[in-house]
Amino acid sequence: MNTILNMKDIVKTYRMGDEEQRVLNEINFNVEQGEFVTILGPSGSGKSTLMNIIGCLDVPTSGNYDLNGNDVAHMDEETLSEVRNREIGFIFQQFQLLPRLSALDNVELPLIYAGVSEKERKQRAKAMLEKVGLGTKLKNKPNQLSGGQQQRVAIARALITQPTILLADEPTGALDQKTGVQIMELFQELHAEGKTIVMITHDEKIARHGSRIVKILDGTLTEYRQEDEQHG
Ligand SMILES: Nc1ncnc2c1ncn2[C@@H]1O[C@H](COP(=O)(O)OP(=O)(O)OP(=O)(O)O)[C@@H](O)[C@H]1O
Ligand SMILES: [Mg+2]
């Protein structure tokens, strides 16, 4: 087994005036290559705080975090952003596509930053959109696509740089139930192909599409047990 993500005793505290609030409480969390892990927790439990640390958008107050061989708990901002661009593909609730750009141009964008030639960019972006089922919508702008289609564009954009981890924060939160399930089916296909996925959600039904669930409550992470399913 190849451990891609290894968090040890991760603590995050916020200081509000005189008071210190511990938002993440000694989190120990591992993800192996090829896993599809979902993190399930209610509002205010610390999901976004944890996601920001997993995704190298923020650093913990204390603890260790190894991401694919990078010591990301102790990095300056510039190095952290290099690691982030290389290792993480982000998917958000609100898609976060650029409204003036076509689907193809949105997916191509990360490859421009990566210095890939125009010809290769176009080929790769087109192939990725075909893969997510949008081969006929290359020229559509985001407002000419349904919510589910926009999320597929965002998934193609996240995949285009071949990141180590796909990191999704409530990816079905802005979609109706049926469309949300379709997006989960796409995640399951990607998982079957060997992609490593970490997904955050407050929705237990959505969380069950993963191959492993962990729960977060008041900043404490626990494994999801069979009893939780029966009684919760
Ligand atoms: N920058 C900050 N400064 C102070 N407190 C913060 C900060 N960010 C988050 N918190 C606090 O940390 C706790 C967890 O917040 P977080 O955003 O991680 O929750 P969440 O699980 O993502 O909730 P939701 O499902 O509503 O998005 C909350 O009590 C919040 O008030
Ligand atoms: Mg949140």
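The values are calculated or read from the model by the stated rules, or taken from the named source; none is laboratory data. Quantities reported herein were computed from a predicted structural model and do not represent experimental measurements. With ideal geometry, Cβ positions are generated from the backbone for all residues, glycine too; neighbour counts draw on all protein chains shown.
Below are the figures for this structure:
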{"quantity": "For Glu82: the one exception among (1) free of Cβ contacts under 8 Å to residues at least 40 places away in the same chain; (2) of a type outside the set (Lys, Arg); (3) closer than 27 Å to Lys215 by Cβ", "calculated": "(3)"}
{"quantity": "Any pair with Cβ under 6 angstrom, 6 or more apart, that starts in segment 200-212 at a residue that is over 15 Å from Asp176 (Cα atoms) and assigned to a loop (DSSP other than H, G, I, E, B) and ends at one that is modelled with pLDDT of 95 or more and of a type in the set (Val, Ile, Thr)", "calculated": "Gly210/Val37; Gly210/Thr38"}
{"quantity": "The lone exception for Phe92 - which of (1) more than 22 Å from Ile160 (Cα to Cα); (2) of a type outside the set (A, V, I, L, M); (3) within 16 Å of ligand 1 (Cβ to nearest atom) it fails", "calculated": "(1)"}
{"quantity": "Entirely in segment 1-91, the strands (runs of 3 or more DSSP E) that have 1 or more residues that are in contact with an Asp or Glu (Cβ under 8 Å, 6 or more places away or on another chain), surrounded by fewer than 17 Cβ atoms within 10 Å (Cβ to Cβ) and aliphatic (A, V, I, L, M)", "calculated": "3-16"}
{"quantity": "Any hit, segment 26-38, residues being within 11 Å of ligand 1 (Cβ to nearest atom) and either of a type in the set (Asp, Glu) or more than 28 Å from Leu186 (Cβ to Cβ) (or both)", "calculated": "no"}
{"quantity": "Qualifying positions in segment 42-64 - at positive phi and either among the aromatic types (Phe, Trp, Tyr) or within 12 Å of ligand 1 (Cβ to nearest atom) (or both)", "calculated": "Gly44, Gly46"}
{"quantity": "Tally of residues being part of a helix (DSSP H, G or I) and free of Cβ contacts under 8 Å to residues at least 12 places away in the same chain across segment 134-171", "calculated": "1"}
{"quantity": "Residue in segment 213-232 that is farthest from Lys12 (Cα to Cα), counting only those that are part of a loop (DSSP other than H, G, I, E, B) and at pLDDT 95 or above", "calculated": "Asp218"}
